[in-house]
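Below you'll find the structure, written out as structure tokens, and then a few comments.
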Amino acid sequence: MQPKDLLQLSEQFGSPLYVYDADKIKSQYNRLTKAFSKVEKLRINYAMKALSNVAILQLLEGMGSGLDTVSIQEVQLGLHAGYSPERIFYTPNGVSLEEIEEVNALGVQINIDNLSILEQFGAKHPNVPVCIRINPHVMAGGNANISVGHIDSKFGISVHQLPHLVRIVENTKMNIVGIHMHTGSDILDIEVFLYAAEILFDAARHFKNLDFLDFGSGFKVPYKKDDIETDIEELGKKLSKRFNEFCTEYGKNLTLIFEPGKFLVSEAGQFLAKVNVIKQTTSTVFAGIDSGFNHLIRPMFYGSSHHIENISNPKGKERFYSVVGYICETDTFANNRRISELKEGDILSFKNAGAYCYSMASNYNSRYRPAEVLWMNGQGHLIRAHETFEDLIKNQIGLPQIATAQ
Ligand SMILES: *Cc1c(COP(=O)(O)O)cnc(C)c1O
């Protein structure tokens, strides 16, 4: 997408605005499937919490993707978007037995990540095919920063509890069809990831009726120029080989599953916001925009750095700006960042705004959440309208209404 396309979209649909490039999502999906083309049965389940707009879900459904969900509401959205239940995978954390039972009744594959619920579910529903989420606790070179699945993580069943896990499965005679891990860490060191995979294989050897192994996600994408990213092609080559060897040993062609969120949609998204005010202080030039952490929280919440471009003046002379929001709290998008010269009314584009941006937006300060546009076949299509005042008051019950009801 060119700056002039984005500028035109911000004029047509107003700001602030999220824009997603369908071609980029497609090329990332194809890149992943190509890297693992040596695996006979491969399945990509898009982790929809990254970006859950129904049109995006439908776009990925059309490419052949499945869906990875973390709540029953995400399951319902996936069904609403047209996914068949067999293509939806449910990997919750800390949810009730009742919710897991409800999702199972919808025909969706469930994944259990603690021994307590596993035992209760197994005792009640011994015949239901269940996947187990393990935590491999891989530490590489004693460096906690590149460890995979910390020992104190709330996710997954520790591999150290495998004997206990196996006892529950034997006692309940439940049907374990898959083993899963999602470490959440960035897979930069492929050797570390392959080591974690060996632990997953070890766990898998305890179960005789498996259909699939799910390696989760953790693919890192570049956020800045020269940022390192996961070498998907290298990972594909090495992991495919090990996976195929394991299938031979196991005596069955298992399905290999990945569940990427960020990898598929992060770079496809851009967030457009308008410069409301340029404020020169004694030390800093602030650019105040018509947005804040209510629309894009990642810089404040995770300290993540999103590249910012002035699409109204992309070739201008660069100057230093601190880009800040309009929320009545400190909401700094960037500190002293080089951006081509800004004036009030200019439109800024924030890159990597596809994953965990709109899906984490809120109405804080009683502001409306932005609209979303899908760029497809050289055209912008509105896929979510700007909110209105009606949306803000929709579920609220004022005092006069209480009085009338009495
Ligand atoms: C969030 C999540 C993912 C996706 O992680 P990304 O870093 O966005 O690729 C995959 N699986 C599970 C279980 C998750 O919770």
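Laboratory data are not the source of any read-out in this text; all were calculated from the coordinates shown. The shown structure was predicted, so the numbers you read here are calculated from the model rather than taken from an experiment. Here the Cβ is made from the backbone with ideal geometry for all residues, glycine too, and neighbour counts use every protein chain on show.
Among H164, F258, Y223, which residue has its Cα furthest toward the positive end of the charge dipole of the chain, with +1 on Lys/Arg Cβ and -1 on Asp/Glu Cβ?
About the Cα centre, the residue reaching furthest to the positive side is Y223.
Please give the FRET efficiency for N175 paired with D226, using the beta carbon to beta carbon distance and R0 = 51 Å, rounded to the nearest 0.05. Could the numbers behind the result be given before it?
Numbers: r = 48 Å, r/R0 = 0.95.
The pair N175/D226 has a calculated efficiency of 0.60.
Can you divide the C-alpha Rg of the range 195-256 by 2.2 N^0.38 Å and report the result to two decimal places? Write out the running numbers ahead of the final one.
Numbers: Rg = 14.2 Å, N = 62, 2.2 N^0.38 = 10.6 Å.
Output field value: 1.35.
Could you give me D for the range 36-264, from Stokes-Einstein at 20 °C and 1.002 mPa s, where the hydrodynamic radius is the Kirkwood radius over C-alpha pairs? Units µm² s⁻¹, please.
Approximately 119 µm²/s, per Stokes-Einstein.
Can you tally the net charge around M1? Count Lys and Arg as +1, Asp and Glu as -1, for every other residue whose Cβ sits under 12 Å from the Cβ of M1.
-2
Just order 169-177, 386-394 by mean Cβ neighbour count inside 10 Å, highest at the front, would you?
So the order, starting with the most tightly packed, is 169-177, 386-394.
If you line up the long axis of helix 54-63 against the longest principal axis of the chain, both from Cα atoms, how many degrees apart are they, to the nearest 10?
The two axes meet at around 50 degrees.
Treating the beta-carbon of each Lys and Arg as +1 and of each Asp and Glu as -1, no other charges, what is the dipole magnitude of the chain about its Cα centre, to the nearest 20 debye?
That gives the chain a dipole magnitude of about 560 debye.
Could you give the angle, 0 to 90 degrees to the nearest 10, between helix 115-124's Cα long axis and the longest principal axis of the Cα atoms of the chain?
60 degrees
By how many nm would the segment from N336 to A105 lengthen if fully extended, with 0.36 nm per residue of separation less the alpha-carbon distance?
Values: separation 231, 0.36 × 231 = 83.16 nm, distance 5.30 nm.
Value of the extension gain: 77.9 nm.
Using the Kirkwood radius over C-alpha pairs as Rh, can you work out the diffusion coefficient of the chain via Stokes-Einstein at 4 °C, viscosity 1.567 mPa s, in µm² per second?
Once the numbers are plugged in, D ends up at 56 µm²/s.
If the limit is 25 Å between Cα atoms, which of K26/K224; K262/K315; K4/K343 go over it?
On the way: K26/K224 21 Å; K262/K315 29 Å; K4/K343 17 Å.
As for pairs spanning more than 25 Å Cα to Cα, those are K262/K315.
Note down the net charge around E318, summing +1 for each Lys or Arg and -1 for each Asp or Glu among other residues with Cβ under 15 Å from its Cβ.
On the way: positive: K225, K315, K317, R319, R337, R338, K343; negative: E309, E341, D346.
The answer is +4.
Between E98 and T282, what's the calculated FRET efficiency when r is the beta-carbon distance and R0 is 45 Å? Round to 0.05.
Efficiency, rounded to the nearest 0.05: 0.15.
If Lys and Arg each add +1 and Asp and Glu each add -1, what is the summed charge of the other residues whose beta carbon sits under 11 Å from the beta carbon of N93? Kindly include the intermediate steps, with their values, before the conclusion.
Working: positive: R133, K154; negative: D113.
Computed value for this residue: +1.
So what is the calculated 222 nm ellipticity per residue for the chain, using -39500 (n - 2.57) for each DSSP H run with n of 4 or more, over all residues, to the nearest 500 deg cm²/dmol?
One gets -9500 deg cm²/dmol as the mean residue ellipticity at 222 nm.
What order do you get for 335-341, 23-29, 106-112, 225-231 when each peptide is scored by the mean count of other beta carbon atoms within 10 Å, highest first?
Working: 335-341: 14.9, 23-29: 18.7, 106-112: 21.1, 225-231: 12.1.
In decreasing order of mean packing, 335-341, 23-29, 106-112, 225-231 become 106-112, 23-29, 335-341, 225-231.
In the structure shown, do any of K279/K394; K237/K351; K49/K394 have a Cα-Cα gap over 32 Å, and if so which?
Correct reply: K279/K394.
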